[in-house]
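A single structure is presented below for examination.
The values are calculated or read from the model by the stated rules, or taken from the named source; none is laboratory data. In this text the structure is predicted, and so the values were computed from the model without any measurement. With ideal geometry, Cβ positions are generated from the backbone for all residues, glycine too; neighbour counts draw on all protein chains shown.
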Amino acid sequence: MTNPATRRVAWLVAAAALLALAALVVGLPWRSADKALRRHAAPQGYALRLPLVGQQGEALPPTATATATPSVAEGVAPLVTSTPLVQSDVSALPEATMIAGVPNQRQERSLNCELRSATDLAAFYGSTFNWEQLFMQIGYERSGDPNKGFVGMSIDDPPGGIFPAGYGVHAPPVADGLRRLGVPAEAHRDMSRDWLMAQVAAGQPVVVWARAGMMGGEPVRWQTLDGSEVVGVPYEHTFTVVGYDAAGVWVNDPTYGRTDHYGWSQFEASWAILGNMALTIRRDAR
């Protein structure tokens with residue numbers, strides 16, 4: 001006959017085994033998600049062979065933050081980058097307007113501003129995916145070209161860098177990622193204030209690429225590992241334009257998840273650095 005002490009030991013061993021098994025089962029989904037993200041991570045040291053062309057830019061004020069850039073996958077048709085979504089007679093536009101109800105969440109990682117802005121824009125039209133799912137569709141771009149994917153060793157790289165340091169992603173890869181998720185997004189370049197006002201007056205928010213804090217400055221150029229030259233700017237950042245008035249624009253800034261107002265001259269100078277780049281979602285998506 002087993003004595004009480006032996007039975008207690010046996011029960012303790014069995015309980016410990018059950019707890020270990022439960023912890024393993026509970027942890028499996030998290031480990032699977034972590035492995036999935038790692039599959040999209042850039043390999044360590046991949047970009048360290050290329051010298052930087054250009055300067056890093058001035059120091060950033062404490063209130064500003066940087067952004068990131070995604071990539072376009074192979075086999076996807078090029079995006080239209082200059083066709084206006086809304087044609088409108090500027091003289092017929094309201095003097096001031098504001099779009100209500102545009103999500104404005106604070107960015108979760110140091111270089112995911114583009115992903116945060118794009119996910120919030122898609123949510124305005126009824127989409128429910130998160131920024132990580134969008135990032136999965138974009139991925140890291142090993143060549144260092146932000147017009148093809150996210151440039152950086154990690155989405156947690158310090159803000160303000162230029163390839164081979166963490167940088168971000170431009171509009172075409174983000175639009176492509178959204179389209180892969182079923183969202184009719186379009187990337188645009190060389191757009192104007194009138195075009196921007198027409199979109200907002202029609203109830204369509206616009207994600208724009210500028211510099212954190214709406215700073216001015218000059219673009220820099222670097223050579224990718226593929227041998228092409230690209231244009232970027234330190235502290236590249238995205239904002240979502242949700243309103244305007246005679247004095248300037250209202251933008252959702254994922255740095256702090258708040259809505260700020262900038263004068264037209266400051267806004268247009270910062271927006272122009274990367275060629276008046278923008279991203280929209282067709283209004284028939286809503």
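For segment 129-169, which positions are of a type in the set (S, T, N, Q) and under 19 Å from Phe239 (Cα atoms)?
Asn130, Asn147, listed by residue number.
Mind checking which residues of segment 189-223 are under 23 Å from Thr259 (Cα atoms) and assigned to a strand (DSSP E or B)?
Within segment 189-223, Val206, Val207, Val208, Trp209, Ala210, Arg211 meet the criteria.
What pairs come out if I take residues in segment 172-186 that are buried (at least 24 other Cβ atoms within 10 Å of the Cβ) and pair them with residues that are of a type in the set (Asp, Glu) and assigned to a helix (DSSP H, G or I) whose C-beta lies under 9 Å away, six or more apart or interchain?
Pro173/Glu114; Val174/Glu114; Ala185/Asp176
Looking only at residues in segment 127-148 that are touching a strand residue (DSSP E or B) at 6+ places or on another chain (Cβ under 6 Å) and among the acidic types (Asp, Glu), which one is surrounded by the fewest Cβ atoms within 10 Å (Cβ to Cβ)?
Asp145
Moving to a separate point now. Which count do you get for residues in segment 82-115 that are closer than 25 Å to Phe129 by Cα and at pLDDT below 95?
1
Condition (residue is surrounded by fewer than 24 Cβ atoms within 10 Å (Cβ to Cβ) and charged (D, E, K, R)) applied to segment 96-107: is it met by at least one residue?
Checked segment 96-107: at least one residue is surrounded by fewer than 24 Cβ atoms within 10 Å (Cβ to Cβ) and charged (D, E, K, R).
Go over the candidates Ser143, Ser91, Ser117, Ser110 one by one and state the one that is of a type in the set (Ser, Thr, Tyr), over 20 Å from Val241 (Cβ atoms) and outside any loop (DSSP other than H, G, I, E, B).
None of the other options fit; the residue is Ser91.
Among the residues that make up segment 171-182, is at least one of them at pLDDT 95 or above, within 13 Å of Ser117 (Cβ to Cβ) and outside any helix (DSSP H, G or I)?
No, segment 171-182 has no match at all.
Continuing with the same structure: Please verify whether Pro234 is in contact (Cβ under 8 Å) with a residue 24 or more places away in the chain, under 25 Å from Pro103 (Cβ atoms) and either among the polar types (S, T, N, Q) or buried (at least 20 other Cβ atoms within 10 Å of the Cβ) (or both), treating the condition exactly as stated.
So Pro234 fails the test.
If you don't mind, another one. Could you say whether any residue in segment 253-262 is within 21 Å of Ala202 (Cβ to Cβ) and surrounded by fewer than 19 Cβ atoms within 10 Å (Cβ to Cβ)?
Yes - at least one qualifying residue is present in segment 253-262.
Looking at the structure I just gave you, is Gly248 closer than 18 Å to Pro94 by Cβ and surrounded by fewer than 21 Cβ atoms within 10 Å (Cβ to Cβ)?
Here the answer is yes, as Gly248 does meet what is asked.
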